[in-house]
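Notes follow the structure.
Computed from the coordinates by the stated procedures, all read-outs in this text should not be read as laboratory data. Predicted model, so just to flag it, every value in this text is computed and none were measured. A quick note on method: Cβ atoms are made from the backbone with ideal geometry, for glycine too, and the neighbour counts reach across all protein chains shown.
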Amino acid sequence: MSNNDTNDQEYQNITSTLSSFYKFYEYQLEKLVKPRIHKFEILPKQDQQLLLWYQKHTEYIQECIHINRIFTQKLAMDAAQDWGIPLEHEIWAPASQKQFELTQLILLQLTREWSEEGLKERKNSYNLIMNQLNDKFPNFLERSTKKILVPGCGLGRLVFELICQGFNTQGNDNDYHMLFTFNYILKNCDLPFNLSIFPYLDNSLTNFTKRQFQIRPIIIPDISPIEKLNELNKKYNGEVPYNDLISITAGSFIDLYGKVLESDSKEAQQLKLQNKNQFDIVVTEYFLNTGNMIEYIKTINNCLSTNGIWINYGPITEENNKDNEIDFTKEDLGELITKLGFQFLERSDFKDSYFSNDSSLSTNTQTCEFWICEKII
Ligand SMILES: C[S@@+](CC[C@H](N)C(=O)[O-])C[C@H]1O[C@@H](n2cnc3c(N)ncnc32)[C@H](O)[C@@H]1O
C-alpha cells in the first residue's frame, strides 16, 4: 500500500469515528426508540392498557438520547478541531454499525474511568499498582525522572493518576474512540461533575430491578484534570514539572514499541529505536488479553530498560475469539514470561469485574492476574 493510500485510510478512520460520535443520537433513536414504539403499537389495546407507564418511559429515553447527543456532538467537534479536520460533519466518512457500538461502549468506559460510580472498580487495581510503585519509588520528588508506559490506556485515568503521583507517564492506545475521548476529558473539562451521560439506555430492562435504572444519568468527570493539575502545580510550586509529565501516543503498541523489522519504513524504524529500553516501568491493565500475548510480552521487554519493572493487572482469558492465537493456561503464561527475559517478583490473582453496575441483575466477575516482574535479560 502506498503512503497516500495509508493516509487516505487513516483520514477515513478518523472522520468515520467522528461521525459515530456526531450521529450517535440517530443510531440510538433508530436502535432504542423506534422498536419500542413499534412493539407497543402492535400490542392489543387491552394489553396496552396494562402498560400505562410504557409510553412515558419511551419519552424519557428520547430525552436521555438528546442529552447524550449534546455530549457526543461537542466531543466530535472538539476532536475534529484538535486533529485539524474540517468541521463540516456532512463531508466526514459515514460511521459503521461497529463504530456506533464503540461510541456506546465509550459511555460505559467513561463511567468506569471518570465517574464516582467507577471508583470501587478502579480502586481494586489502582491500589495494588500504586502500592508497588510507592514501595519501589518512595522519593516523591525523584519520580519525575522515572518513565512509565501504559499500553492500551483506554480513557487514560490510570495515566492521569500516575502523573498525579509524580511519574513521567506515557499512555498508548490504538483506538480513535478512546484517544478522542481521553483528550476531551483532559483538555476540555475544567470543572468536575458538569456533564451528564446515559450509558445504560442500551441495556435491556430485564437487566434491572427498576426501569428507572435504565435512564439513570452518570455525571462526569469526578475530577477535572485541569483543576487537579493547577492544584498540584500550586502545591509543589514548580518542584514537580506536572505539565510535562504526560504524553499520549496513537497507534498499535507493537508497531510503536516493538523490535525493528526489516519490513518497517524508515520512520517506523526510527520511532521503534527511540523507544527501545526507554521505560523504567510498564503497567498493563486489562490489556494483555486484547491481542497476541507473545508479541505483547516481547514488546514490553523491548521497551523496558534492564531491571525495568512490569506490573500487570487483568484477565488472561481471550477477550475476542481470536482463531490464530495460542491458548495459555496460567502456568504456561508464567513459563513464557520467564523465557522471554523476566523474573517474577510477585504474583497473585483476584476476582474482579469490568463495567460492574450495582443496579444490574447480571454479573460479570472474572479472575484477574496481578504480577510484578523484573526484566533480567
Ligand atoms: C479493555 S481496554 C482497557 C482500558 C484501560 N486500561 C482500563 O483498564 O480500563 C483495552 C484497551 O487496549 C486498547 N488496545 C487494544 N489493542 C491495542 C494495541 N494493539 N495497541 C494499543 N492499544 C490497544 C483498546 O483500544 C482499549 O482501550
Practice prompt. Name the most mobile residue of Gln269, Gln366, Gln46, meaning the one with the largest mean-square fluctuation, in a Gaussian network model of the chain with Cα contacts below 10 Å.
Written response: Gln46
Worksheet item: What order do you get for Trp92, Trp114 when you list them from fewest to most C-beta neighbours inside 10 Å?
Response: Trp92, Trp114
Item to complete: Please give the net charge around Gln270, taking every other residue with its beta carbon less than 15 angstrom from that of Gln270, where Lys and Arg add +1 and Asp and Glu add -1.
Response: 0
Worksheet item: Counting only pairs 8 or more places apart or on different chains, how many lysine pairs in segment 17-150 have C-alpha atoms closer than 29 Å?
Response: 29
Worksheet item: Over segment 147-269, what relative contact order in percent results from Cα pairs under 8 Å that are six or more residues apart?
Response: 31 percent
Worksheet item: In terms of the Cα gyration tensor, with a ≥ b ≥ c the square roots of its eigenvalues, is segment 154-230 rounded because a/c is under 1.5, prolate because a/b exceeds b/c, or oblate?
Response: prolate
Worksheet item: What is the log10 of I(q)/I(0) for segment 170-214, computed with the Debye formula using one identical point scatterer on each Cα and no solvent, at q = 0.14, 0.17, 0.28 Å⁻¹?
Response: -0.57, -0.72, -0.96
Worksheet, complete the sentence: For segment 215-309, inverting the pair-averaged 1/r of distinct alpha-carbon atoms gives a Kirkwood value in Å of 16.3 Å
Practice prompt. State the volume of the convex hull built on the alpha-carbon positions of segment 301-377, expressed per residue in Å³ and rounded to an integer.
Written response: 121 Å³
Practice prompt. Please report Ser224, Ser20, Ser353 as a ranked list, fewest other C-beta atoms within 10 angstrom at the top and most at the bottom.
Written response: Ser353, Ser224, Ser20
Item to complete: Give me D for segment 57-144 in µm² s⁻¹, whole number, from Stokes-Einstein with Rh from the Kirkwood sum over alpha-carbon pairs, 25 °C and 0.890 mPa s.
Response: 146 µm²/s
Worksheet item: In sequence order, what are the phi-derived ³J(HN,Hα) couplings for segment 303-311 according to the Karplus relation 6.51 cos²θ - 1.76 cosθ + 1.60 with θ = phi - 60°, rounded to whole Hz, with x for glycine and proline?
Response: 8, 7, 6, 4, 6, x, 10, 10, 10
Worksheet, complete the sentence: Fewest to most Cβ atoms within 10 Å: Met293, Met130 sort as Met130, Met293
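For segment 9-69, report the % of Cα-Cα distances exceeding 18 Å. Before the final figure, lay out the partial values.
Values: 898 of 1830 pairs.
Value for segment 9-69 (Cα pairs over 18 Å): 49 percent.
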Item to complete: Only Cα pairs under 8 Å and at least 6 apart count here; give the relative contact order of segment 1-149 as a rounded whole percent.
Response: 35 percent
Discussion item. Compute the helix-to-body angle for 330-339: its Cα long axis versus the longest principal axis of the chain, expressed 0 to 90° and rounded to tens.
Written reply: 40 degrees
Item to complete: For segment 72-146 and segment 254-306, compute the distance between their C-alpha centroids and round to whole Å.
Response: 21 Å
Item to complete: State, as an integer percentage, the relative contact order of the chain based on alpha-carbon contacts under 8 Å between residues 6 or more apart.
Response: 15 percent
Worksheet, complete the sentence: Longest principal axis of the chain (C-alpha) makes with the long axis of helix 176-188 (C-alpha) an angle, in degrees to the nearest 10, of 90 degrees
Worksheet entry | Dipole magnitude of the chain, debye to nearest 20 (Cβ charges: Lys/Arg +1, Asp/Glu -1, about Cα centre) | 800 debye
Worksheet entry | Segment Glu10-Asn139, extension gain: residue separation times 0.36 nm, minus the distance between their alpha carbons | 42.2 nm
Discussion item. Quick check: net charge around Cys189, other residues with Cβ under 13 Å of its Cβ, Lys/Arg +1 and Asp/Glu -1?
Written reply: -1
Worksheet item: Over all directions, what mean area does the Cα convex hull of segment 237-286 project, stated in square nanometres?
Response: 5.2 nm²
Fill in: Interchain or long-range residues, amide H under 5 Å from Asn168's placed H
Lys146, Ile148
Worksheet, complete the sentence: Counting Lys and Arg as +1 and Asp and Glu as -1 over every other residue whose Cβ sits under 14 Å from the Cβ of Asn13, the net charge comes to -4
Discussion item. Please compute, for the alpha-carbon atoms of the chain, the extent along each of the three principal axes and give them in descending order in Å.
Written reply: 74, 52, 47
Response to the item:
Correct semi-axes for segment 4-126, from √(5λ) of the alpha-carbon gyration tensor and rounded to whole Å with the largest first, are 33, 22, 12
Item to complete: Report the one residue of Trp53, Asn68, Val33 whose Cα lies farthest in the direction of the positive end of the charge dipole of segment 1-93 (charges on C-beta: Lys and Arg +1, Asp and Glu -1; origin at the Cα centre).
Response: Trp53
Fill in: Under the Karplus curve 6.51 cos²θ - 1.76 cosθ + 1.60, θ = phi - 60°, whole-Hz ³J(HN,Hα) for segment 281-294, x wherever Gly or Pro sits
9, 10, 10, 10, 10, 6, 10, 4, 8, 8, x, 6, 5, 4
Worksheet item: Put +1 on the Cβ of each Lys and Arg and -1 on the Cβ of each Asp and Glu in the chain; which of Leu119, Tyr184, Gln165 then has its Cα farthest toward the positive end of the dipole?
Response: Leu119
Worksheet entry | Most mobile listed residue (Tyr25, Tyr11, Tyr126) in the chain, GNM with C-alpha springs under 10 Å | Tyr11
